[in-house]
Amino acid sequence: MEKFTMKVVFTINQEQVNIKTPEYVSLQFQSAGLGSRSAAFIIDQLLLLITNILIVLTFIFVVDAPIAYVTGVSLPLAITIILIFVTRGGYFFILEYFFGGRTVGKRLLGIRVIQENGHSITLLSSFIRNLIRLIDSLPVAYFVGIVMIFFHSKHKRLGDLVAGTIVVHERSIKKKSKVTAIEKEIEKRNLSKNNLIINESSLKSFDMKDWKLLKTYSNRLMQLPVAERNQMTRKVAGILFPKLGIDYSKFNSHQLENSLLILYLTLKDEWEFEL
C-alpha cells in the first residue's frame, strides 16, 4: 500500500494541506470547508430535485396511462421510485469519477475531490465515499456529515475518512506577471486544450512521473538547439503518446512539439496546484 505523509498548516485566513506524494513531490492545497461544500451540495440537490420532478412528470403524462391500463398502477410507481433512487445514488459517484472529482456544484464553487496522496479520485474511492454518504446523511438533513466536516481538522466527512479522500479548492489562476516563457510560447503558437481531444480514461493513465517529465520537457524546450530539441521531442512523445493511443510516426517535429505542449496544458490542470 502506498505510503504518504500529510500535515496541515494553519494560516490566518485559510487552511493549507501539504501532501507528499508517493513520487516524493510536495503539493499544497487549500482544504474546502463547510461553507463551500454546503453551497456545492445545495446546487447539486437542486439539480437532482429538478431531475426527479422531470422523471415523475414523464411517468405521469407519458408512461403512466398505457402501462397502468395493462398491468395496474403499481408498476409505474415502482419504476419511478427506482429511477429516482438510481439517479440520486449515481449522480455523485459518476460525476466525481468521470469529471475529475467535480460535480456540477463543486465545479461552480471551484472545489474538487482528490485522494489523500494527491492523485485523482479512483473508481473505488468514488464508490466508497458516496456509499457512506447514506450514513453521513443520518439522521436528517445530513447531520452526521455536517458535524464531521465542521469539527475535522481537514474538513472530512465519514465518507472521506473511509475512502481516503479530501475535498480541496482548485488551484488559483496565475497572474499575468507570472506567466512563464513556455506559456508565452504556447500563446504565441495559438494552442489550446481543445486542439487535442483526450478522453477521461486516457487522462487517468498519466501519473505524476509523466507530468514531471512533460513539465521538464516544456520548460527546457525553447532553450535547446534545434537538433537536440527534435531528438528530445521524439523521445518524450515515444513515452507519452502511446498512452493516448496516438500514432505519431507520421508527425513532423513541429507537430510533435505542438501536441506535447497541448498535453502539457491538459495535465497542468490535473497535476499542478498552486494556492
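A short reminder: the numbers here are calculations on the coordinates, not readings from a lab. For clarity, every value in this text was computed on a predicted model and none was experimentally measured. Note: ideal-geometry Cβ built from the backbone for every residue, glycine included; neighbour counts use all protein chains shown.
On the basis of the beta-carbon distance and an R0 of 45 Å, residue 180 and residue 201 show a calculated FRET efficiency of 0.95.
For the pair residue 138 and residue 39, label points projected 7 Å from Cα toward Cβ lie 3.1 nm apart. Does the range 205-244 come out rounded, prolate or oblate, given a ≥ b ≥ c as the square roots of the eigenvalues of its C-alpha gyration tensor, rounded meaning a/c under 1.5 and, failing that, prolate meaning a/b above b/c? Oblate shape, in that a/c is at least 1.5 and b/c is the bigger or equal ratio. Note that the range 107-116 has calculated 3J(HN,Hα) couplings of 4, 5, 8, x, 10, 7, 9, 9, 7, 5 Hz, one per residue in order, obtained from phi through the Karplus relation 6.51 cos²θ - 1.76 cosθ + 1.60 (θ = phi - 60°); glycine and proline are x.
For the residue pairs 209/268; 106/215; 156/215, the alpha carbons lie more than 24 Å apart in 106/215; 156/215.
Under 5 Å between amide hydrogens, built in the peptide plane, is the criterion, and for residue 111 it picks out 170 among residues at least 5 positions away or on other chains. With a ≥ b ≥ c the root eigenvalues of the C-alpha gyration tensor of the range 131-174, is it rounded (a/c under 1.5), prolate (a/b larger than b/c) or oblate? The shape class here is prolate. In order along the range 50-62, phi translates into HN-Hα couplings of 4, 4, 5, 4, 5, 4, 4, 5, 4, 6, 6, 9, 10 Hz, rounded to whole numbers, per the Karplus curve 6.51 cos²θ - 1.76 cosθ + 1.60 with θ = phi - 60° and x for Gly and Pro.
Modelled label positions at residue 79 and residue 153, each set 7 Å beyond Cα in the direction of Cβ, lie 5.3 nm from each other. Put a dot 7 Å past the Cα of residue 49, heading toward its Cβ, do the same for residue 108, and the two dots end up 1.2 nm apart.
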